[in-house]
Amino acid sequence: MTSKNMGICPVETSRRSVTGGLLLTIALLFLTTEILPGQDRATAEAATQGLSRQEGFVDVFWNDADGRVLIEFDDGAGPFLYHTALAGGLGSNDVGLDRGLLGATKLVRFRRIGQRVLMFEENTRYRATSDNEYERVAVEDAFARSVVHGFDLVGRTGSRLVIDATSFIVRDAMGIARQLKQSGQGDFALDNDRSAVNPDVIRAFPRNVELEAWLTFTSTDPGGYVAQVATDPYAVTLRLRHSLIALPDEGYAPRRFDPRAGYYGITFVDYSTSISTEKEQRFIARHRLRLEHDRVVEPIIFYLDRGVPEPIRSALLDGARWWTEAFEAAGLPDAYRVEMLPEGADALDIRYNVIQWVHRATRGWSWGDTVLDPRTGEILKGYVALGSLRVRQDYLLAQSLLGSTAPDPNDPTLEPALARIRQLAAHEVGHALGLVHNFAASVSDRASVMDYPAPLVRLDQSGSFSHDNAYAVGIGEWDKYAIRYGYTPFPTAADEEEGLTGIVRDRREAGLQFISDTDARPVGGAHPEAHLWDNGPDILEALEGEMALRRAGLERFGPERLQEGRPLATLEDVLVPLYLRHRYQLEAAAKLVGGVWYEYELVGEPSTPVGSVDGDMQRRAVKGLLDALAPAELRIPEWVRRVLPPRPPGYPPTRELFQGDTGLTFDAFAPAAAVAHFVFGLLLDPTRATRLTYQKVDDPRLPGLDEVLREVRDSVFPGGGTGDSAYDRSICRIVQDAWTSALIELAGKDLSVDAAAILDAELTSLSALLSEASAAEPIVLAHRSRLAARIDRFLLRSFEERSEPDAADLPPGSPIGTDWD
């Protein structure tokens, strides 16, 4: 019994007896957990007496006897920020619960209601910024807020309140169970008996408090991804971080968002704006720079995880430091630094911008993220997660052409991988500085690290593969304009408005384009110069170059691509990235078909008319895609087909390999099928089909959907699938099957009226062609009959019944799947 419990209720002690003493003891023990109606809580002093105390933004107390955390704060204190993150992750890229994963940042405040304290989350998406209190209240009352958590009030002295924060800390604050379910890993639930506060992370500082819990989630039927990584998939323990953050001090000026500047940020609706003013207000995300006499006195410092090994550590430091040049170009030479994380520092502490080295069981995306003040867009913390397996994939790309002499320190394959990891560090730090992707930078001599770079490899005069200029070195010219926009200080608001407009104008006059995410995606995207993993201004020339490089690599492919002592079967691991080397140039070429020129424009500024890609270029793109499906391009080298053995014990197949139909043996036809389905899936994207239909209406000189379909049919069905060998003829039939499947799949989707009619007409014509043709080989005749029957069955179905099984997928790409970092 402690003295804090004695202070809850005065006890009469004039009568001394054994019975009375026993009753007194029972009563006091009861009062440690229960408060009778009408009684007050203990004083703040009594509630925290004898507990370990840390003074900070709010004071934190640790009760080691019962594993509880208490928080003391002033009842009149204003709002603060609340942020969550995963301190210890699952280790599965597919589930996504990575070490360092950042949760939401909320604007919250405490409010005492009787013997309870509620944490309210303010709704920052809807506001009134006027000085009129009634306007502000009208908006606040119109949109729902949320109560994040309810706390027991365990002590009070005047305005000083002490609450029990244990249940707040030990809870699924990031929706971990929901994420596990959504990723197909089963129904998990938090097991409170196996969850607790982590006493090693109870830290209070003047501007932030860091608290952490071990959370154990249990399931009776865990999924395969969990089973792959967890010690016990039936009981998975993660570490969840809670950060309470004082609001930044005054002096930060939000900077207006411009869709041409290359920043992400915040958007909110301001109902106090005038009727003629846009109610949506937008600010960019950026760090604060504190200046005195025009010099930065508090630079932006990013700290590198001490767990990164050499030589990767030095490469990451080099790449992350490239941004120094951009800040210097903006007249801010002391604004940015990169250092090693100090010994003992906490990577999730809000006070550190961190580049963290994240391990997963399978390769996955790296990313740059931020903790933002939701009121202003000010970046309070930049956080970069670099997947440790990424550099190994980059090594594999180089190995497919150069081979490997590992563990030789002079291994020529290592430098291209390190060059890529330098660029990756700069790219992700760019996100943590507030920047979005610029996928149009590659057409301007690789003008931005915020693009996705493909390795630029050349065949030199001796016929060797040269990686000397595989990746750009240093920050790009576009990046310098972007940093100028976000971080250049201006003396007045009027100067800022004029200066920002001038920066955007200067960038445009320099010929530097900016096109970001959705516009550049291979499915749905339409811009002809904004692509992922491309090089140079001429997409079709780049495709031809990659095809030639791939062809040379396959001709020379052999066991020397592996280190000595490796199982011969693992040569397939190196074959896949070489065979699919052209996949991203194929995506870029497909975007020319039905492509549209445009830029992000503002009214009152010089504009570029929206227009379709030139008809000849679109037709050349279709031809380039079809050329890539010729048997000569889809063949697997004969040496590989005859020598590659099944995988031995200890080296099971992975999803990084082609999916075959021959069991344990290597399926030499599966790669051709995967590429054919891939190319036709790009060409027959529903949005592209509709654009092709409409562009022909606007300009008869442009290819329409009907023309493209005829062009493919004439190329794919040259009298029944001929070739130089039985292997080539079989590849022709695989391509024909893939085209038929793609047509049926597209025709079963919701299309424009004209596009749907054209698709049905093409299927009808193709069925007639297949039915009328004759063939010398029985397999060819059977193949044609099968395709015609499939088409006829589809056309006889009602629209609602039209569906096809999923087509074969390519092995994962950049770095896995079809998502992005």
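The values are calculated or read from the model by the stated rules, or taken from the named source; none is laboratory data. Just so you know, these numbers come straight off a predicted model, no measurement behind them. Positions of Cβ are generated from backbone atoms using ideal geometry, with glycine treated the same way; all protein chains shown enter the neighbour counts. Accessible surface is based on the protein model in full, side chains and every heavy atom, while ligands, DNA and RNA are left aside. Shrake-Rupley method; radii C 1.70, N 1.55, O 1.52, S 1.80 Å.
For segment 748-794, a tally of residues being among the hydroxyl-bearing types (Ser, Thr, Tyr) and open to solvent by less than 70 Å² (accessible area, probe 1.4 Å) returns 4. For segment 311-341, which residues satisfy the criterion of being more than 15 Å from Ile355 (Cα to Cα), open to solvent by 10 Å² or more (accessible area, probe 1.4 Å) and either in contact (Cβ under 8 Å) with a residue 40 or more places away in the chain or not polar (S, T, N, Q) (or both)? Selection gives Pro311, Glu325, Glu328, Ala329, Ala330, Gly331, Pro333, Asp334.
Here is a yes/no grid of residues against (1) open to solvent by less than 10 Å² (accessible area, probe 1.4 Å); (2) assigned to a helix (DSSP H, G or I); (3) at negative phi:
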| residue | (1), (2), (3) |
| --- | --- |
| Ala419 | no, yes, yes |
| Leu424 | yes, yes, yes |
| His427 | yes, yes, yes |
| His437 | yes, no, yes |
| Met450 | yes, no, yes |
| Pro455 | no, no, yes |
| Asp468 | no, no, yes |
| Val473 | no, no, yes |
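Among all residues of segment 63-71, there is at least one that is of a type in the set (Val, Ile, Thr), crowded, with 16+ Cβ neighbours inside 10 Å and at pLDDT 50 or above. One residue alone among Tyr252, Tyr225 is over 20 Å from Arg360 (Cα atoms), of a type in the set (Phe, Trp, Tyr) and either touching a residue at least 40 places away in the same chain (Cβ under 8 Å) or assigned to a strand (DSSP E or B) (or both), and that residue is Tyr252.
Per-residue answers, yes or no, for (1) open to solvent by less than 60 Å² (accessible area, probe 1.4 Å); (2) farther than 24 Å from His437 by Cβ:
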position: Arg241; (1), (2): yes, yes
position: Leu244; (1), (2): yes, yes
position: Tyr252; (1), (2): yes, yes
position: Tyr271; (1), (2): no, yes
position: Glu278; (1), (2): no, yes
position: His287; (1), (2): yes, no
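Determine which member of the set Leu781, Leu770 is among the hydrophobic types (A, V, I, L, M, F, W, C), touching a Lys or Arg at 6+ places or on another chain (Cβ under 6 Å) and at pLDDT below 95.
Answer to the selection: Leu770.
Of all residues in segment 475-489, those satisfying the criterion of being assigned to a helix (DSSP H, G or I) and open to solvent by less than 60 Å² (accessible area, probe 1.4 Å) are Trp478, Asp479, Lys480, Tyr481, Ala482, Ile483, Tyr485, Gly486, Tyr487.
Residues in segment 85-134 that are touching a residue at least 40 places away in the same chain (Cβ under 8 Å), acidic (Asp, Glu) and more than 29 Å from Ala347 (Cα to Cα): 0 in all. In the set Asp349, Asp411, only one residue is in a loop (DSSP other than H, G, I, E, B), more than 21 Å from the chain's Cα centre (by Cα) and closer than 30 Å to Leu107 by Cα; that residue is Asp349.
Output the residues belonging to segment 717-731 that are under 22 Å from Phe794 (Cβ atoms) and at pLDDT 95 or above. None - no residue of segment 717-731 is under 22 Å from Phe794 (Cβ atoms) and at pLDDT 95 or above, so the list stays empty.
Restricted to segment 552-566, and to residues there that are outside any helix (DSSP H, G or I) and either at pLDDT 95 or above or of a type in the set (A, V, I, L, M, F, W, C) (or both), the residue that is surrounded by the fewest Cβ atoms within 10 Å (Cβ to Cβ) is Leu562. Step by step: first the residues of segment 668-681, then only those that are open to solvent by less than 10 Å² (accessible area, probe 1.4 Å) and either in a loop (DSSP other than H, G, I, E, B) or not small (Gly, Ala, Ser) (or both), then the one that is farthest from Arg635 (Cα to Cα). Which residue is that? Filtering segment 668-681 for residues that are open to solvent by less than 10 Å² (accessible area, probe 1.4 Å) and either in a loop (DSSP other than H, G, I, E, B) or not small (Gly, Ala, Ser) (or both), the one farthest from Arg635 (Cα to Cα) comes out as Phe680.
Only one of Gly403, Gly430 is modelled with pLDDT of 95 or more and not hydrophobic (A, V, I, L, M, F, W, C). Can you tell me which?
Gly430
Going by the structure shown, is Asp191 under 28 Å from Ala347 (Cα atoms), among the acidic types (Asp, Glu) and surrounded by 18 or more Cβ atoms within 10 Å (Cβ to Cβ)? No. Residue check: Thr570 meets all listed conditions (1) touching a helix residue (DSSP H, G or I) at 6+ places or on another chain (Cβ under 9 Å); (2) more than 19 Å from Val675 (Cα to Cα) but one, namely (1).
Residues in segment 501-516 that are out of contact with any helix residue (DSSP H, G or I) (no Cβ under 6 Å at 6 or more places or on another chain) and crowded, with 16+ Cβ neighbours inside 10 Å: Val504, Arg508, Gln513, Phe514, Ile515, Ser516.
Would it be correct to say that Thr492 is without any contact (Cβ under 8 Å) to a residue 24 or more places away in the chain and either open to solvent by 30 Å² or more (accessible area, probe 1.4 Å) or polar (S, T, N, Q) (or both)?
Values: without any contact (Cβ under 8 Å) to a residue 24 or more places away in the chain: yes; either open to solvent by 30 Å² or more (accessible area, probe 1.4 Å) or polar (S, T, N, Q) (or both): yes.
So Thr492 fits the description; yes.
One residue stands out among those in segment 579-611 that are part of a loop (DSSP other than H, G, I, E, B) and of a type in the set (Asp, Glu): the one that is modelled with the lowest pLDDT, which is Glu605. Just one of the numbered conditions (1) assigned to a helix (DSSP H, G or I); (2) open to solvent by less than 60 Å² (accessible area, probe 1.4 Å) is not true of Asp616: (2).
The requirement of being under 33 Å from the mean Cα position of the chain (by Cα) and in contact (Cβ under 8 Å) with a residue 40 or more places away in the chain is fulfilled somewhere in segment 692-710, by at least one residue. Do we find a residue being open to solvent by 60 Å² or more (accessible area, probe 1.4 Å) and under 30 Å from Ser785 (Cβ atoms) anywhere in segment 642-649? No; the residues of segment 642-649 include none that is open to solvent by 60 Å² or more (accessible area, probe 1.4 Å) and under 30 Å from Ser785 (Cβ atoms).
Picking from residues in segment 372-412 that are within 16 Å of Glu564 (Cα to Cα) and charged (D, E, K, R), the one that is surrounded by the fewest Cβ atoms within 10 Å (Cβ to Cβ) is Asp408. Restricting the search to segment 255-267, which residues are open to solvent by 30 Å² or more (accessible area, probe 1.4 Å) and assigned to a loop (DSSP other than H, G, I, E, B)? Of everything in segment 255-267, those that are open to solvent by 30 Å² or more (accessible area, probe 1.4 Å) and assigned to a loop (DSSP other than H, G, I, E, B) turn out to be Phe257, Pro259, Tyr264. For the residues Leu118, Leu90, Leu102, Leu107, the requirement of being touching a helix residue (DSSP H, G or I) at 6+ places or on another chain (Cβ under 8 Å) and of a type in the set (A, V, I, L, M, F, W, C) singles out Leu90.
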